[in-house]
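These notes are about the structure you will find just below.
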Amino acid sequence: MSVKELALNHSNTMKYSSFMLFNSLLLIIISSASWGCKDDANAIIDRNYQLVWEDEFNGAAGTAPDAAKWVYDIGIGPGNDGWGNQELQYYTDRPENIALDGQGNLAITARSENFGGRSFTSARIKTQGLFAQAYGRFEARMKMPWGPGIWPAFWMLGENIDLVAWPQCGEIDIMEYRGQQPNLIYGTVHGPGYSGGAAITKSFGFTNDRFDVDFHVFAIEWGVDYLDFFVDDTLYQRIRPEDVPGEWVFDQPFFLILNVAVGGNYVGFPTPQTPFPQTMLVDYVKVYTEVK
Amino acid sequence: MKNIKHHLQTLMLLSSLAILVVVSCKRELEDLEPAEFPNTPEVFIDGFSAGLNYGAFGGSKVTAFDVDTEVKYRGSASMKFSVPDAGDPQGAYAGGTYYTSVGRDLRGYDALTFWAKASKAATIDVVGFGNDFGESKFLTVLNNVQVNSNWQKFIIPIPDASKLTQERGMFFYSEGPEDGLGYTFWIDEVKFEKLGTLAHPRASILNGENQVSPAETGQQLTIGGLTATFNMPTGVDQSVSAAPGYFSFSSSDTSVATVHEAGVVTVLSSGDAVITARLGDIEATGSLTLSSTGGAVMPQTPAPTPTIGADSVISLFSNAYTNVTVDTWNTRWQFSTAEDFDLQIAGDDVKRYRNLNFVGIEFAAQPINATAMTHFHLDIWTPDPTDLPKAFKVLLVDFGANGIFGGNDDSQHELAFTRPTLVTGQWVSLDIPLSSFTGLTNRAHLAQLVLSGDIPNVYVDNVYFYKAGAVAPPSAPTTAAPTPPVRPAADVISIFSDAYTNVPGTDLNPNWGQATVVSQVQIAGNNTLRYGGLNYQGTQFGSNVDASAMTHLHIDFWTANSTLLNVFLISPGPVETSVSLTVPTNGWTSIDIPLSSFSPVAINNLIQFKFEGNGDIYLDNLYFHKGGGGATEPTTAAPTPTYNAANVISVFSNAYNNIPGTNLNPGWGQATQVSQVQIAGNNTLLYTGLNYQGIELGSNQNLTGMTHLHLNVWTGNSTALNVFLISPGPAEKPYALTVPTSGWATFDIPLTEFTPTVDLSNVFQFKFEGNGKIYLDNILFHN
C-alpha cells in the first residue's frame, strides 16, 4: 500500500539533525549544518550523470500533466484516513487542483472548498507503474506554497510497496516543507526500524530567504551506499547504510511522487490565517543515471 | 540603572526641532552633497540608542513609560509601560513616540522587531514607527497587538524601505485601559532588522475595495485604507497601516481628477477617472472610480417660501423666520458619511448634504418644545433617482424632561418617504402631522432630527415646526402701487412707471447670469414688475441717464418674504453703490432716496439699476424726480374758498364756522388713520392708509337749500377715492373723485349726484372710500 506514515515533530527533527552533525565524517556536511546559509558554497561531489527521464511540464495552461508519465492518487486514501497521516484534503485530478500553467510549470493547487466530504482539495501524482529507477540523481525545480498546514512534498517510494508494504519498501523524501516554516525544508528516509517519528531526517534552512519566493532545485544523488540530499548546489545531508538503525532498503527501483497536502500529523492544521488557494509550482522533474 | 537619555518633551519643543531638521534638509538639497545618515538599527536594546528622544502624546499619562531593569527579555533593561486605569487624572492612556533629531537611513532593513510581554493577556491598540512628531510621512502602524505574559517576538514590516532615507520616527505606541483597568507591558530589543523572511508583499488602498463614487468639480477626497501586507516567517499574513508617503498615486485622467502624494484627490472637471496606487513595484489592490458630474447638480430655484405666520412657527432653518439655536447640522456620528454644506440658491440659504447615509442634527442645548405645534415641515430637493424602494427618512427624537439622551424618558419615531412623495429634481415640501410620529410620545424636549435613507444628495430648506390653521400672509399685493403725482416732464426721468413716459429701449431683464425670474404682472389693473426668487437683477437703461437735475430716486416695492433687498445705481466703470431697502414690507412701501446716497456713482451718467437680495419682490414707479413738488404731501395750503358765508354750510374749513359737534373720526372699524395737519399754516384733514372713513355731522342737516358739495383734495398716491353722502337708513350714494391729484384739486359736486338715494333734507354722515394718503380741506356745501 502506498501509505506514508510520518509522525515527526519539530523537536525530533532537531534532535536527529544534531545527531547527524556529530556523526558525520565529512567536513562538507558539518559546514552545511542544519541551518545552512543560502550563500554557503559547498563543494559539489563530482559525478557524471546522464539524463534518462524528465518532464519539463511544457504545455497549454489548464491541461493535465502527461498521462504517459504520471498517474493520480484520488480521494482521501485507501484507509479513508487521509493517506495514513490524517491529511485533510481530498485529492482530485481536476484542473483546479492540478494543471500545467502554460509557462512551463506544473501547478498543484490546494484549495479551501467542500469536496468529497472534506474541507480542502488538492492533488497528488506519481510515476508508479510508469517509471521507477534505482540509483542516480533525482531532482525537481520547484517553488513552494506557504501558510500554516500546507505540506508539499517531492518524494519516492520503493516499487515493491505492493509486495512488502511500508516501511519495508523504503521511502525517500527528497523535499518536504511546512507552510508555517517557509525558510525550511527537510530531507528524510524511512525504512524498517526507522520510520515515522524515528525516520532519519535533516532540515535545511535559509536564515534570510524563503522557499516560496523563488524556484529552487531539490535533489538526491543516490548510490549503492549513500543518499546525498541537495538544495540547489548545497549538499546538506548524506545518509549511509551505517547511519540507519535497520535494514538498508535503498537498493531497488523507486517511483516518484509530487503532492501538496493540507493538514496532517506532520504539519498540523491550517489556521484561519492560512491564505488559500496555495500553489506549488514545479518547473521540471529530471532523473539521471551515473556514468562511471 | 538609568544611564539613558530619557526626555519627556513638550509638543512645542518638538515642533521647533522638526523645523530645524527641515531647514537643514533644504540646505543640503540646494548647496551640498547628500549627507550620510546613520543606519543604526538599534532603537532600544538595554537603553536608548544614540540620538533617541522620547515624547509622550498629548492627553496621555506622561509617566507611563519607564525603563525597567528587573523585567527584561535580554540584557540589562527593558521598556516598561504602565497603562493607567480609566479615569486616571494624570492621563487617559499610555502613548508616546521615540524619535531622533537626525534621521536614520533604514533602507537596509525590512522590519522593526521587538519582544513584548504583559502583566496579563491584552491587546495593545497601536505600535509602530515613523511618528516623528511632525509630518510622519512614513507612519507605519501595527494595530491590535496581542500580548500575554510570555515574551513574544513581533515584527512590523517596513512597507517600502527604499523610502526611509532619513527616518526620525523610530518607535511609538498607544494603549488605553482594557475594560477600564490599567496593566503593564514590557517591550525589549527594539531594532530594525533585515530578516529576509518576509515574503509576498501586497498593498491595498481603500482596504482593497474597488469603490465607485459620484463626484463634482472642486471636491476633494482623501484616499484612505492604505495597507501593506506581508507573509510573516510563520507563513501567516500580517498587515500594517501605511502612510500615503509610501505610495505613488495616479489618476487615469488628470484632466478630470488629480491626486497628490498625500493621497488627496481633487476633482477638476466632469468625466470619469480611476485613482490607483503603487507601493514600490507593487500595484495596490483597490481603486476609486470617480464619476464627476462637473458642477454640483443643485436646484436652480429656491424652495417655496413658507407662508405660515411667524407666530405659529418654531423654525430650525429658514430665511423666512428667526431660527432657534441648532447645536450642529452634522453630528458626524460614527459610520455617518454625510458632508454638510451651506449655500445659497437665488439668495436663499439652503443646507446641502452629500454622501448622506444618515446625519444627526442636534439641538440638545436648547431643546424645542413643540407641544403647541401640529406639523413638522421641511423642503427637500435631490438630483438622485427616487425610484422605489429608495426612501428618505425623518427621525425626531425627544430627550425627555431630563434633557439627556438615553435617560429613560426618551421617545422617538422615524417616518420614511418614497415615491410618489419623493421626486427627483423638484422641491418637495413635506408637511408631516406630528401625530404621525406615533412613537414620539413627548415633544416638549425635542433635541435631535436624523435624516437618512438611500438618497445621497439632499438639499434641505425651511425646517420648522408649525401650528396648522394659521393665516397665511398674502404672497402678492392685492392693490396697485400708489400712483405717482402728475409732474411736469422736466421734473421726472422715469424708468418703469405707467404715470410717466419711460426711457425708451430699457431692458428690464438683461442677462447677467442671474437666477431671478423677471415678469410683469397686473396688480389691480396696474402693470407691476415682479422679481421672483431674486438673487440679483439688473435693469439696462435704454440710454445713459443724466439725472443731475434730479434729486431723488423713487421706488415703490412690496414683498412678503424677502429678508434682504438692496438697490444699486450704476455708472460706467462700473461704479455702483447700494442702498438697503427695509423688507419685508407691510403693503406697498414708497421710498424717495436722495441721489446723494449713491455717491460716488456718476449721477449725470447712469446706465443701470441693480437689485440684490432674496425673495419675491414687486416693484413699480422706478423713476428719478426733482423731489419737493408735493410728491407725498402738499406744500401749499388748499385754496381758500371764496363763497359768501351766508351761502355755506361748512363741515371742515378754516374759512367758515363749521357744524359744531362733528365727529371727524367715528369708530366704524376702518383702518384709516385720521389726523389734522398744518399745511402752510392751514389746518388740513389727513387720511393715511385709507380704506374707508366716516364723518358724523354734529347735527342732521337739511341741504335742500344747497346746490353743491365742495371739497379740496390732495393725494399723490391714491388710485381710488369715492365720497358718499348718507341719510338715515342708511341711504348712501358714492361719487368718484379723480385721483391722484395734481396739486390741490377742487371738486364742486352737484348734490343731484346723490339724489334720489340720499335724502338731502336729512343728511347726517359723510363717508370716503378708496386708498392712499389723502389730504382734505374745505369740506362744505354751498349754493
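Taking a ≥ b ≥ c as the square roots of the Cα gyration tensor eigenvalues, with a/c under 1.5 meaning rounded and otherwise prolate when a/b beats b/c, else oblate, which class fits region A:10-290?
rounded
Assign one of three labels to region B:11-196, namely rounded, prolate or oblate, based on the Cα gyration tensor with a ≥ b ≥ c the square roots of its eigenvalues; rounded applies when a/c is under 1.5, prolate when it is not and a/b is larger than b/c, and oblate otherwise.
On the way: a/c = 2.14, a/b = 1.53, b/c = 1.40.
Because a/c hits 1.5 or more and a/b exceeds b/c, region B:11-196 counts as prolate.
If amide hydrogens are placed 1.01 Å from N in the peptide plane, which non-local residues have theirs closer than 5 Å to the one on A:Ala261?
A:Trp151, A:Ala153
Could you give the size of the charge dipole of the protein assembly as shown about its Cα centre, using +1 on the Cβ of each K and R and -1 on the Cβ of each D and E, expressed in debye and rounded to the nearest 20?
Working: 56 positive and 104 negative charges, 279 e Å.
Charge dipole of the protein assembly as shown: 1340 debye, to the nearest 20.
Hey, if you put +1 on the Cβ of every Lys and Arg and -1 on every Asp and Glu Cβ in the protein assembly as shown, which of B:Gly75, B:Trp186, B:Phe496 ends up farthest toward the positive end of that dipole?
B:Phe496
Can you list the HN-Hα couplings for region A:248-261, worked out from phi with the Karplus curve (6.51, -1.76, 1.60; θ = phi - 60°), rounded to whole Hz and with x for Gly and Pro?
So the Karplus estimates, Gly and Pro as x, are 7, 9, 9, 9, 8, x, 10, 9, 9, 9, 10, 7, 10, 8 Hz.
Hey, how many Å between the Cα centroid of region B:218-272 and the Cα centroid of region A:220-265?
After rounding, the separation between the Cα centres reads 50 Å.
How large is the charge dipole for region B:50-135, taken about the Cα centre, if only the Cβ atoms of Lys, Arg (+1) and Asp, Glu (-1) carry charge, to the nearest 20 debye?
Values: 8 positive and 10 negative charges, 58 e Å.
So the magnitude is around 280 debye.
Could you pull out every residue, at least 5 positions away or on a different chain, whose amide H is within less than 5 Å of the one on B:Ala602? Hs are placed 1.01 Å off N in the peptide plane, and Pro or chain starts have none.
B:Ser571
Can you compute 3J(HN,Hα) from phi for each residue in region B:418-425, using the Karplus curve 6.51 cos²θ - 1.76 cosθ + 1.60 with θ = phi - 60°, rounded to whole Hz and x for Gly and Pro?
With coefficients 6.51, -1.76 and 1.60, one gets 10, 4, x, 4, 7, 9, 7, x Hz.
What do you get for Rg/Rh of region B:201-292 when both radii come from the Cα atoms and Rh is the Kirkwood radius?
1.04
Give, rounded to the nearest 20 debye, the magnitude of the charge dipole that chain B has about its Cα centre when Lys and Arg contribute +1 at Cβ and Asp and Glu contribute -1 at Cβ.
That gives chain B a dipole magnitude of about 340 debye.
Counting other Cβ atoms within 10 Å, which chymotrypsin sites (Phe, Trp or Tyr not before Pro) in region B:435-489 have at most 12 and lie in a DSSP loop?
Counting only loop positions with at most 12 other Cβ atoms within 10 Å, none of the chymotrypsin sites (Phe, Trp or Tyr not before Pro) in region B:435-489 qualifies.
Rank B:Met550, B:Gln537, B:Gly130 by how far each Cα sits towards the positive end of the charge dipole of chain B (+1 on Lys, Arg Cβ; -1 on Asp, Glu Cβ) and give me just the farthest.
Farthest towards the positive end: B:Met550.
Kirkwood Rh, the protein assembly as shown, all Cα pairs: how many Å?
On the way: mean 1/r = 0.0257 Å⁻¹.
Hydrodynamic radius (Kirkwood, Cα only) of the protein assembly as shown equals 39.0 Å.
Could you state the number of Å between the C-alpha centres of region B:638-680 and region B:92-116?
The two parts, judged by their Cα centres, are 100 Å apart.
Round to a whole angstrom and tell me the spacing of the C-alpha centers of region B:549-620 and region B:393-471.
Here the answer is 40 Å between Cα centres.
Could you go through region B:557-568 in sequence order and give the Karplus-derived ³J(HN,Hα) for each residue, using 6.51 cos²θ - 1.76 cosθ + 1.60 with θ = phi - 60°, rounded to whole Hz, and x for Gly and Pro?
9, 8, 7, 9, 10, 6, 10, 8, 8, 10, 10, 10
Could you list the chymotrypsin sites (Phe, Trp or Tyr not before Pro) in region B:647-681 that lie in coil according to DSSP, counting only those with at most 16 other Cβ atoms within 10 Å of their Cβ?
Sites meeting the loop and neighbour criteria: B:Trp668.
According to the square roots a ≥ b ≥ c of the eigenvalues of the Cα gyration tensor, what is the shape class of region B:461-513, taking rounded for a/c under 1.5, prolate for a/b larger than b/c otherwise, and oblate for the remainder?
It comes out oblate by the Cα gyration axes.
Are any of the pairs B:Lys120/B:Lys153; A:Lys202/A:Lys292; B:Lys467/B:Lys773 more than 25 Å apart by Cα-Cα distance, and if so, which?
Details: B:Lys120/B:Lys153 16 Å; A:Lys202/A:Lys292 29 Å; B:Lys467/B:Lys773 36 Å.
Result: A:Lys202/A:Lys292; B:Lys467/B:Lys773 exceed 25 Å.
Rounded to the nearest 500 deg cm²/dmol, what is the calculated helix-only ellipticity per residue at 222 nm for chain B, with -39500 (n - 2.57) per DSSP H run of length n ≥ 4? It would help to have the intermediate numbers written out before the result.
Values: 1 runs with 21 residues, N = 783.
Taken over chain B, the calculation gives -1000 deg cm²/dmol.
As an exercise, find the ratio Rg/Rh for region B:489-625 from alpha-carbon atoms, using the Kirkwood inverse-distance average for Rh.
Values: Rg = 13.7 Å, Rh = 14.8 Å.
So for region B:489-625, dividing Rg by the Kirkwood Rh gives 0.93.
Return one number: the angle in degrees, 0 to 90 and rounded to the nearest 10, between the long axis of the Cα atoms of helix B:11-31 and the longest principal axis of the Cα atoms of chain B.
80 degrees
In whole percent, what relative contact order does region B:201-292 give with Cα contacts below 8 Å and a gap of six or more residues?
It rounds to 39 percent for region B:201-292.
Please list, by residue number, every one of the trypsin sites (Lys or Arg not before Pro) in region A:53-118 that is coil in DSSP and has at most 14 other beta-carbon atoms within 10 Å.
none
Computed from the coordinates by the stated procedures, all read-outs in this text should not be read as laboratory data. Keep in mind that what you see is a predicted model, and the values were worked out from it rather than measured. Every residue, glycine among them, receives a Cβ derived from its backbone with ideal geometry; neighbour counts consider all protein chains shown.
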